[in-house]
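The values are calculated or read from the model by the stated rules, or taken from the named source; none is laboratory data. As the structure is a computational prediction, the values presented were derived from the model and not from experiment. Reconstructed Cβ throughout: ideal geometry from the backbone, glycine too, with neighbour counts over all protein chains shown. Each accessible area value is taken on the protein alone, full model and side chains, heavy atoms only, with ligands, DNA and RNA left out. Shrake-Rupley method; radii C 1.70, N 1.55, O 1.52, S 1.80 Å.
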Amino acid sequence: MADHQRVHPIEAVPPPPEPKPTAPLMSRGSSRSENGDPERNHPPPPPPPYHTICTPKTTKEEKLLQKCLCWTISLILLLILILGILAAIIYFVFQPKIPKYSVDSMRITQFNLANDNSLSATFNVNITARNPNRKIGIYYENGSHLSVWYTGTKLCEGSLPKFYQGHRNTTVLSLVLAGQTRDATGLLQSLQADQQTGSIPLNLRARVPVRIRLGRLKLMKWRFLVRCRLRVDSLAADNVIRIRDSSCRFRFRL
């Protein structure tokens, strides 16, 4: 009888442990530096040292200058505000309107050429001044100046009388303007050429110092500047000149 074979169980041998990696795993497409990780080998630089900003101390003179500058600016702004309020009050209470002027008639009493080629001219001019304001009067002061010009040459000059023009008043002024022009030969030739056309350009200029009266208050002195452009038919002596057209411009300044 055959010997029964004994079956001995074989113990399972565990697999050998996997070796630990000696190098860090790298992802595909990445390269490895021979010097290792640069962030570890080269740490970031330390932050810059903190510097305190020291402002220089303000001296007493600088503080005084700053205060003076601040007060000056404040006073200027306050003055502008006060002037604006006064202008608004004057505008809404008195409703100022610009005076109007016109040249109504002109007559030449002298227009002669002397032996030395000098031209003597005397004009009688009637000017109408209108004050359309209901609550504003105008004082016309001494020192006014009027002149008549032809192509840049002054022919004659004169002045306005001193008077007061009340509210909504119309005043007609009869003025005598006289003058003398040297070496007027070329001037007369130009005048004769314009006289043949029947249209001679003249300019009347006026500078008039005035004072404005608001109710009972008399303001500072102003200066009216008036310029009138005229076209007349002739400049013959002892003859009434017909004014073809005229236009006057007005402005004022301190």
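What to note about this one:
- Considering the conditions (1) closer than 24 Å to Gln110 by Cβ; (2) in contact (Cβ under 8 Å) with a residue 24 or more places away in the chain, Tyr140 is excluded by exactly one of them, (1).
- Considering Leu188, Leu225, the condition of being of a type in the set (A, V, I, L, M, F, W, C) and without any contact (Cβ under 8 Å) to a residue 40 or more places away in the chain is satisfied by Leu225 alone.
- Restricting attention to segment 131-184, the residues being of a type outside the set (A, V, I, L, M), part of a strand (DSSP E or B) and out of contact with any Phe, Trp or Tyr (no Cβ under 8 Å at 6 or more places or on another chain) number 15.
- Positions within segment 87-101 being surrounded by 15 or more Cβ atoms within 10 Å (Cβ to Cβ) and either part of a strand (DSSP E or B) or over 29 Å from the mean Cα position of the chain (by Cα) (or both), in sequence order: Tyr101
- Checking each residue in segment 223-254 for being open to solvent by 50 Å² or more (accessible area, probe 1.4 Å), aliphatic (A, V, I, L, M) and assigned to a strand (DSSP E or B) picks out only Val240.
- If you check Asn115, Asn133 for being open to solvent by 90 Å² or more (accessible area, probe 1.4 Å) and either in contact (Cβ under 8 Å) with a residue 60 or more places away in the chain or over 25 Å from Asn203 (Cβ atoms) (or both), only one passes: Asn115.
- Count - residues of segment 168-194 that are within 22 Å of Ser247 (Cβ to Cβ), surrounded by 14 or more Cβ atoms within 10 Å (Cβ to Cβ) and not polar (S, T, N, Q): 5
- Residue, farthest from Ser190 (Cα to Cα), within segment 206-222, restricted to residues that are in contact with a Leu (Cβ under 7 Å, 6 or more places away or on another chain) and surrounded by fewer than 19 Cβ atoms within 10 Å (Cβ to Cβ): Arg211
- The listed residue being out of contact with any Cys (no Cβ under 9 Å at 6 or more places or on another chain), open to solvent by less than 90 Å² (accessible area, probe 1.4 Å) and among the polar types (S, T, N, Q), out of Thr153, Thr197: Thr153
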